[in-house]
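See structure below.
The values are calculated or read from the model by the stated rules, or taken from the named source; none is laboratory data. As the structure is a prediction and not an experimental result, all values here were calculated from the model. A quick note on method: Cβ atoms are made from the backbone with ideal geometry, for glycine too, and the neighbour counts reach across all protein chains shown.
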2 protein chains.
Amino acid sequence: MIKYFKADPWKVIEEGFNPAMNEIAESVFSIGNGMMGQRANLEETYTGHSLKGTYVGGVYYPDKTRVGWWKNGYPEYFAKVINSTYWSGLKIWVNSELVDLNTANVIQFHRELDMYNGLLYRKCNISLKNGIHLNIESTRFYSLINKEFSALKYSLTTSQDCEIAIENYVDADVVNKDSNYDEKFWSEIRQESIENKIFVTVKTNKLDWHLCTGVKFSLFMGDNELVANPKHTTREKFASSTYILQAKANVCITAVKHAISASSFHHPVDSLELHTKKALEKMGASSFESHLQMSANAWQEKWKSSDVEIDGDVEAQQAVRFNIYQLNQTYCGDDPRLNIGPKGYTGEKYGGSTYWDTEAYCLPFYLVSSDPSISKQLLVYRYKQLGKAIENAAKLGFKDGAALYPMVTMNGEECHNEWEITFEEIHRNGAIAYAIFNYIEHTGDKQYLSEGGFEVLLGIARFWAQRVHWNSRQSRYEMHGVTGPNEYENNVNNNWYTSYIACWCMTYAAECAEYLQINFPTKFAEIAKNTHLNIQLEAEKWAHINEQMYLPYDEIEGVFVQHDGFMQKELIPCSELPESERPINQKWSWDRILRSVYIKQADVLQGLYFFEDKFDIDTHKRNFNFYEPFTVHESSLSPCVHSILAAKIGATEKAYEMYLRTARLDLDNYNNDTEDGLHITSMAGSYLSIVQGFGGLRIKNQSLHLDPHCPEQWYGYKFRILFKNSPVTISVNHSGTSVNNHGESDIDVHYKQQRIIIKAGDIVNL
Amino acid sequence: MIKYFKADPWKVIEEGFNPAMNEIAESVFSIGNGMMGQRANLEETYTGHSLKGTYVGGVYYPDKTRVGWWKNGYPEYFAKVINSTYWSGLKIWVNSELVDLNTANVIQFHRELDMYNGLLYRKCNISLKNGIHLNIESTRFYSLINKEFSALKYSLTTSQDCEIAIENYVDADVVNKDSNYDEKFWSEIRQESIENKIFVTVKTNKLDWHLCTGVKFSLFMGDNELVANPKHTTREKFASSTYILQAKANVCITAVKHAISASSFHHPVDSLELHTKKALEKMGASSFESHLQMSANAWQEKWKSSDVEIDGDVEAQQAVRFNIYQLNQTYCGDDPRLNIGPKGYTGEKYGGSTYWDTEAYCLPFYLVSSDPSISKQLLVYRYKQLGKAIENAAKLGFKDGAALYPMVTMNGEECHNEWEITFEEIHRNGAIAYAIFNYIEHTGDKQYLSEGGFEVLLGIARFWAQRVHWNSRQSRYEMHGVTGPNEYENNVNNNWYTSYIACWCMTYAAECAEYLQINFPTKFAEIAKNTHLNIQLEAEKWAHINEQMYLPYDEIEGVFVQHDGFMQKELIPCSELPESERPINQKWSWDRILRSVYIKQADVLQGLYFFEDKFDIDTHKRNFNFYEPFTVHESSLSPCVHSILAAKIGATEKAYEMYLRTARLDLDNYNNDTEDGLHITSMAGSYLSIVQGFGGLRIKNQSLHLDPHCPEQWYGYKFRILFKNSPVTISVNHSGTSVNNHGESDIDVHYKQQRIIIKAGDIVNL
């Protein structure tokens, strides 16, 4: 853990240049707009350690799988969101000396991420070996308005008259650090540099995704735009225009890049270049400042329904906004084929693919902080991939329309190649069903069931019905060979969470079928025909499984048993683990971890979190008190669930302790891996710790429930949500809670069991 | 399965050239001498499919591990016996046309492996595009006398006068098909071609193993040796000498290569080339024929104590001799740093490393068929690696001298990189301890305990004592997170076989400690000091574990339970598996295999096989009858144990059925993978099916036990063994058994419970 960035309510600030921290800063200062994004690579040449990263949503590479011993059913590839054309680079020479912060003397350096406005700003003062001092200022943003547009304004002032050469370039000859076999992923199509414009078109190998990047370059000396005649250069996957200027001391030279990055994910290959040229023409007609202003306005709008204010802890304030900011720039619901990669647009690791994190952690954030249409896109994403999920299940021997959603995917196909995850961590199917339920709880949009939701539930229910087997000795259904959310166990039998959610899925699918039969009979008949569904027969089977399913329970402790054999372990709590042996995933061999009692992330407790109303508070307490002492929280997704449950059972100190574990995960580089990119999906967990944990917010059957309390360490906090189209602010401090309904309709609030109607425009103190 | 090779009692014969079978034939016709070996690559150029393979024992490459998701404790490399310098090649042009069986018209082709004499012979007749017919004859062998020596005699007769160019070459610029990252493993040191000799020295990358290959080339026309002046060529890792001859029709031209392959595994790098030159000088002084004769004599000597004769089934006869032949050419006990790779010197796959197959299957073959000094080398191999086994255990968190032998190794370090195997398939430790027991049972050499044997047992016992844990709920020891011999289960708890052999190891270690204390008190005291052993304390702990160990038993079936949860599976026998779904390891996904009841190879039954005297015959029957129906035998190591047990319980038809499954595994390409090399270690299993299975041979406490019966399909069979320095022939047919003691001492035989002394030189009919 390093406290490196400066605390500020709305900004992340770096003061001074520290080459050892550069890759971490590149991750933290990443910017994006939900469709594309970029690490904070310095615009000018930098020969020190840097992880170049520019990412375009949907454009991926099926990198050949790397395994030691092939097992039947392994996926052939691991899909990666790949480093793509670098549009923001400038190569600058001052009296022939290349500007490079790795060789220059950096006198002053200030960098900030302005989260309120969604921009990256940098100001620095350096001296070159030739004695010339430079002031550099740059501003960069990805537009929230036009999702193919990004722009850079870069200013330079020299301490003396000199000759400056600026090479404005677009480079698609990029590498991917995470490549399995050191391949380059892009091939040349065309590059050109004409007048003040550059266009570079490339395509990915294997899948032929085309990407055209167009940049319009403008150059100013003081306030005057220069009309220069650059030297044009092109080579494979690269184009540039180089300008030679006679700079005057203390007169600012400003370069502006308007960039369009358009891909065949959204446009036909044939018209991609034409589209890029037209779009660049259009965007180039307005100034950098006007585009920035529009985008900043859109950011401010987002904050109105998603902000969390913390009073009395500026680091906590900065952290929660950083998390919200990253979530909002990773996903905006623009396209139902996009999702939330574990590193968003901030790095390559783990592929840019979709994990169950989306449904389990991220969806609840978008459900309360944005328009339901955004969350719905995440459901549609899975609906569009239902066919692939059915294929995936078929590859594993399931039939009759059973669907197994992949653990990691880009296009619906499984990418992950560890059998214990790919084939066995099947609880993900449950989270995908639960997401539909959760969405309907928030929105009441039961019609979605007729638009694809039910078909997804049906495929999932069918999977579970085939995945269990009848144990004739004990006369019960069991589910063997699974891995629960606690990935520190593999290939276990009767994981309580998995079996429980499986039963729930089948029950919910049956309920939804009944709802559709009554409310959308024609649609239901059509679905039944297409899916060869005999609902009576299948629902009977589901009910039978539900009745006879083995859900391990321990009478002595009064808790659900994580899986068969758990109670036979050495039950030694984490508190007895020497600090020198932690984290165990770095200090212990894998087998030792597996046979230990230690839990990576909420497993039984994940079930209590999802299905809290099915269990009384004593059950919550017993299970929490039993499992929490064995939980090492070595997944960034773990502490949030524990925090929320701790808050629920009144263990407020524990709740706060758990909240702290992820709040500043990336800002303070807790896991020593921020340089690889940010932990985007766990940021949602950190948000939920506050809103669902401290705030006790739930939305059930379209009612807002609150059970707030304020951590002692804070004076108070507020959070803004969008509830049934009304922006609502909930303010909590040690003397009470107030709810401000900014919307135009009355809202229904359950405050600690008490029901209150808050009229449009009203503030109610509770 | 393909019946391709011709049956013959002492030969494997190929008639006609079939390019599609070439790689399979290259494997089957492999030759070697326990220190090195070679696939049957054609000497002249062949541009069709071929897997080039020349292997030198001990010279390996630590190929960088390939894994998808790294886990703590994974080995960094996978050691491979690597394709090395190709010494036997000739490039031949006839009137400028390159001789290549892929382009020529092959009129006649005959190839045979002469197992009695240990040589590879080929004769063929081809016509070239230029109309010239050639008769080619070649004989190749690896000397059993000088283990660095191999030789080739290659004759050529043309149908008309013509010009022949022969390039005699040595090529170290070879590739490895099984390379993880397509690397070449060899680097240049030096190459020269002078007069009639070539020397090529190369070294492996990373580990710098040096290999010097020297070839003396002689050329004859008719009976006259030619003294020619060749053209010498050298390039990186390659040297050749090219001879131009004016051939006369029907006059035989003969090329002879005497080759020395010497490596830094046996010689200092400094003197390696000098050694090679001297050795070549020495070997070159005698004729090809005289070397061949000496080697053939040595082969014939080997057959005297290892042959199995089968009367009435020539295919079975050929098969068992092929298996014995391969075992004898893979391992001769020359060097305690060598072992038995799964493919011997016949291919690259699975690395050339050591598996538990050595102790579990191969050792019993060498114990009965050769001098005890050969078997002892296999024990010394593990003793020499004890330090690494202790390091290996330490990496996994074990301490105080606990030793975990690796699953796969070259030098004692673990190479295998599947966690479920590497970290969990720890029963291998048991087999290594059992091998010491077994060796002493055969030889009575208890002194070996004082020479390293006990230290190995101690390290192993200490491992088990730490590997179990106390289950305080049920007040018993348990062992979690293991993989038994049945690799169709992973990460199971309380695998009966593993837990049983663990207890046995601890008990045996305590017994051996006691023996040493009494018989070698000084040595024992020294060992105790070096290993910080308090035998009383440790033996007490071992005894406590032994008493309180949980060994799962099923009261309903009266069988040992393979592991916790096994009886909760769907217990559907293999007979109900559709043929179209087999082998399940090709037809089913891995997760489905794991949660199924199907058993890859003997697991509980392996324990009954090792410890047969601990269990009554009814226990054998119940367990065999319960587990055999669930066993798919998808390991080539599986059927032999079942065959031996079936024979023991009188299920003779089953025993024969099981025997058939491996007898001709490679000859008939059952598993469709013979092209990758031969299944050397399973050949031992096939041998044991006859000798231990049908013959009922056991050697216990240095007594020979026999309980023979003859499969109905055979008239009879004989097997020759070496028992207490006496060659003994046991002949079995449907009317009885006779035992012929060819040795100079009387032997003690237990025939079906009856004890008989057979005097030196006597034959006794039983």
- Among the candidates B:Ile584, B:Ile556, residue that is under 28 Å from the mean Cα position of the chain (by Cα), within 14 Å of another protein chain (Cβ to nearest Cβ) and among the aliphatic types (A, V, I, L, M): B:Ile584
- Across (1) touching a strand residue (DSSP E or B) at 6+ places or on another chain (Cβ under 7 Å); (2) surrounded by 21 or more Cβ atoms within 10 Å (Cβ to Cβ); (3) farther than 28 Å from B:Tyr381 by Cα, B:Ile324 clears everything bar (3)
- Could you tell me whether the stretch A:512-519 includes any residue that is crowded, with 21+ Cβ neighbours inside 10 Å, part of a loop (DSSP other than H, G, I, E, B) and not basic (Lys, Arg)? no
- Task: Give the number of residues within the stretch A:587-613 that are surrounded by 21 or more Cβ atoms within 10 Å (Cβ to Cβ), away from every other protein chain (no Cβ under 13 Å) and of a type in the set (Asp, Glu).
- Result: 1
- Within the stretch A:20-53, restricting to residues that are crowded, with 22+ Cβ neighbours inside 10 Å and small (Gly, Ala, Ser), the one that is nearest to A:Ser179 (Cα to Cα) is A:Gly53
- Query: Would the stretch A:617-627 turn up any residue that is of a type in the set (A, V, I, L, M), in a helix (DSSP H, G or I) and touching an Asp or Glu at 6+ places or on another chain (Cβ under 8 Å)?
  - Reply: no
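State yes or no: is A:Phe560 surrounded by 14 or more Cβ atoms within 10 Å (Cβ to Cβ), in contact with a Pro (Cβ under 8 Å, 6 or more places away or on another chain) and of a type in the set (A, V, I, L, M, F, W, C)?
yes
Can you tell me how many residues within the stretch B:212-227 are in contact with a Phe, Trp or Tyr (Cβ under 7 Å, 6 or more places away or on another chain) and buried (at least 17 other Cβ atoms within 10 Å of the Cβ)?
Our first condition is that a residue be in contact with a Phe, Trp or Tyr (Cβ under 7 Å, 6 or more places away or on another chain); within the stretch B:212-227, this holds for B:212-215, B:219, B:226.
Narrowing further to those that are buried (at least 17 other Cβ atoms within 10 Å of the Cβ): B:212-215, B:219.
So the count comes out to 5.
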- Item | Condition broken by A:Pro406, with the remaining ones in (1) more than 14 Å from chain B (Cβ to nearest Cβ); (2) within 24 Å of the chain's Cα centre (by Cα) satisfied | (1)
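Could you name every one of the strands (runs of 3 or more DSSP E) located completely within the stretch B:65-176 that has at least 1 residues being within 14 Å of another protein chain (Cβ to nearest Cβ) and in contact (Cβ under 8 Å) with a residue 40 or more places away in the chain? So that I can check it myself, show each step before the final result.
Working: elements: B:77-81, B:90-94, B:105-114, B:119-127, B:133-142, B:149-158, B:162-171.
It comes to B:77-81.
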- Task: Only residues that are in a strand (DSSP E or B) and in contact (Cβ under 8 Å) with a residue 12 or more places away in the chain: list them for the stretch A:757-766, please.
- Result: A:Ile758, A:Ile763, A:Val764, A:Asn765
- Answer yes or no: is there a residue in the stretch B:668-680 that is closer than 18 Å to B:Ala435 by Cβ and in contact (Cβ under 8 Å) with a residue 24 or more places away in the chain. yes
- State all residues of the stretch B:460-482 that are of a type in the set (Lys, Arg) and either within 11 Å of another protein chain (Cβ to nearest Cβ) or farther than 17 Å from B:Ala403 by Cβ (or both); if no residue qualifies, say none. B:Arg467, B:Arg473, B:Arg476
- Exactly one condition in (1) in contact (Cβ under 8 Å) with a residue 60 or more places away in the chain; (2) small (Gly, Ala, Ser); (3) not in a loop (DSSP other than H, G, I, E, B) is not met by A:Gly347; state its number. (3)
- Query: Just a yes or no: is a residue in the stretch A:488-502 in contact with a Lys or Arg (Cβ under 8 Å, 6 or more places away or on another chain), crowded, with 24+ Cβ neighbours inside 10 Å and away from every other protein chain (no Cβ under 14 Å)?
  - Reply: yes
- Only residues that are surrounded by 21 or more Cβ atoms within 10 Å (Cβ to Cβ) and not in a strand (DSSP E or B): list them for the stretch A:711-744, please. A:Pro711
- Close pairs (6 angstrom Cβ cut-off, 6 or more residues apart or separate chains): closer than 27 Å to A:Gln586 by Cα and at pLDDT 95 or above in the stretch B:377-402, of a type in the set (A, V, I, L, M) and assigned to a helix (DSSP H, G or I) anywhere: B:Leu386/B:Val456; B:Gly401/B:Ile390; B:Ala402/B:Ala393
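Step by step: first the residues of the stretch A:561-571, then only those that are of a type outside the set (S, T, N, Q) and more than 14 Å from A:Glu628 (Cβ to Cβ), then the one that is farthest from the other protein chains (Cβ to nearest Cβ). Which residue is that?
Only one residue tops the list, namely A:Val561.
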- Query: Applying the selection to the stretch B:245-298, what residues are in a loop (DSSP other than H, G, I, E, B) and either within 14 Å of B:Phe141 (Cβ to Cβ) or in the same structural domain as B:Gly222 (by TED's automatic domain parsing) (or both)?
  - Reply: B:Lys248, B:Ala249, B:Asn250, B:Val251, B:Cys252, B:Ser264, B:Phe265, B:His266, B:His267, B:Pro268, B:Ser286, B:Ser287
- Task: Would you point out the residue of the stretch B:614-639, among those that are among the acidic types (Asp, Glu) and surrounded by fewer than 19 Cβ atoms within 10 Å (Cβ to Cβ), that is farthest from B:Ser580 (Cα to Cα)?
- Result: B:Asp616
- Message: For the stretch B:27-48, check the following and say yes or no: at least one residue is part of a strand (DSSP E or B) and of a type in the set (D, E, K, R).
- Response: no
- Query: Counting just the residues of the stretch B:333-358 that are more than 10 Å from the chain's Cα centre (by Cα) and among the hydrophobic types (A, V, I, L, M, F, W, C), which one comes out nearest to B:Leu144 (Cα to Cα)?
  - Reply: B:Leu338
- Task: Identify, from the list B:Gly743, B:Gly736, the residue that is touching a residue at least 24 places away in the same chain (Cβ under 8 Å) and small (Gly, Ala, Ser).
- Result: B:Gly736
- Query: Quick check: anything in the stretch A:362-371 over 14 Å from the mean Cα position of the chain (by Cα), within 14 Å of chain B (Cβ to nearest Cβ), among the aliphatic types (A, V, I, L, M) and buried (at least 24 other Cβ atoms within 10 Å of the Cβ)?
  - Reply: no
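Just give me the residues in the stretch B:682-696 being assigned to a loop (DSSP other than H, G, I, E, B) and buried (at least 22 other Cβ atoms within 10 Å of the Cβ), in sequence order.
Within the stretch B:682-696, just B:Gly695 meets the criteria.
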- Query: Restricting the search to the stretch A:507-538, which residues are among the small types (Gly, Ala, Ser) and within 15 Å of A:Gly401 (Cα to Cα)?
  - Reply: A:Ala509, A:Ala528
- Task: Scan the stretch B:6-19 and give yes if some residue there is charged (D, E, K, R), assigned to a loop (DSSP other than H, G, I, E, B), more than 30 Å from B:Ser179 (Cα to Cα) and more than 14 Å from every other protein chain (Cβ to nearest Cβ), otherwise no.
- Result: yes
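Restricting to the stretch A:656-681, count the residues that are assigned to a helix (DSSP H, G or I) and surrounded by 24 or more Cβ atoms within 10 Å (Cβ to Cβ).
Summing the residues that are assigned to a helix (DSSP H, G or I) and surrounded by 24 or more Cβ atoms within 10 Å (Cβ to Cβ) in the stretch A:656-681 gives 7.
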